[in-house]
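This report refers to the structure that appears directly beneath it.
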Amino acid sequence: MRYPRRTTLTALALCSVLVACGTTDPGEAEPAEAAAEPGGRAHVGDLMVEDAWMPEPANPEVGVVYLAVTNTASDDDAVVGVSTSASPEAGLHRTETTESGASTMRSVEEVPVPAGGTTTFIEGGYHVMVEDIPDPLRVGDAVTVTLDFASGTDAELEVPVREMTGGSGQGEHSEEHDHH
């Protein structure tokens with residue numbers, strides 16, 4: 001069956017209006033959640049998580065995740081929680097040096113991510129500690145990591161397990177706070 005051109009164009013225009021309007025109430029906020037991107041990256045809103053990796057654990061029951069979080073917003077944010085597929089026992093930690101020069105690690109409630117800046121999770125600084133890993137992780141495996149932010153944003157990313165190289169593996173990100 002053939003329709004007149006005007007009817008077809010009118011139907012297409014109506015469909016375009018319906019699609020453009022969508023079904024979401026304009027006052028209804030979209031959930032701020034990011035899906036995992038390949039290569040240890042996730043992007044949601046004004047937050048970019050990148051350079052994420054996990055060194056192959058020397059002790060098969062304990063691991064660590066390093067990454068960088070960039071906040072392009074005009075307001076400060078903070079990582080306030082973390083979960084992983086490797087173990088339910090994951091938390092935010094920071095390594096500090098005491099006055100005597102000894103390194104100590106302590107759990108922290110949050111990791112600040114300043115407006116317009118980048119916070120890196122590195123060896124000897126902030127990091128994600130993963131404990132009680134039930135199944136050994138090997139180079140080439142991937143771990144799903146979800147970061148919870150004070151702003152209500154969640155960022156989920158696939159973190160590759162890599163060979164420990166002796167450094168942070170962060171490439172260009174080497175300082176704890178690199179303000180842009």
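Determine whether the range 61-69 contains at least one residue that is buried (at least 20 other Cβ atoms within 10 Å of the Cβ), closer than 17 Å to ILE133 by Cβ and of a type in the set (Ser, Thr, Tyr). Checked against the condition, which is being buried (at least 20 other Cβ atoms within 10 Å of the Cβ), closer than 17 Å to ILE133 by Cβ and of a type in the set (Ser, Thr, Tyr), the range 61-69 yields at least one hit. Selection of the range 47-66 for residues being within 14 Å of ARG162 (Cα to Cα), assigned to a strand (DSSP E or B) and out of contact with any His (no Cβ under 9 Å at 6 or more places or on another chain) yields ALA52, TRP53, MET54, PRO55, GLY63. It is to be established whether one or more residues within the range 86-108 are surrounded by 13 or more Cβ atoms within 10 Å (Cβ to Cβ), closer than 20 Å to VAL44 by Cα and either modelled with pLDDT under 95 or not charged (D, E, K, R) (or both). Checked against the condition, which is being surrounded by 13 or more Cβ atoms within 10 Å (Cβ to Cβ), closer than 20 Å to VAL44 by Cα and either modelled with pLDDT under 95 or not charged (D, E, K, R) (or both), the range 86-108 yields no hits at all.
None of VAL62, VAL80 is at pLDDT 95 or above, under 18 Å from VAL139 (Cβ atoms) and among the aliphatic types (A, V, I, L, M) except VAL62.
Looking only at the range 88-141, residues that are touching a strand residue (DSSP E or B) at 6+ places or on another chain (Cβ under 9 Å) and either in a strand (DSSP E or B) or free of Cβ contacts under 8 Å to residues at least 24 places away in the same chain (or both) come to 32 in all.
The values are calculated or read from the model by the stated rules, or taken from the named source; none is laboratory data. Not measured: the values here are computed from a predicted model. Note: ideal-geometry Cβ built from the backbone for every residue, glycine included; neighbour counts use all protein chains shown.
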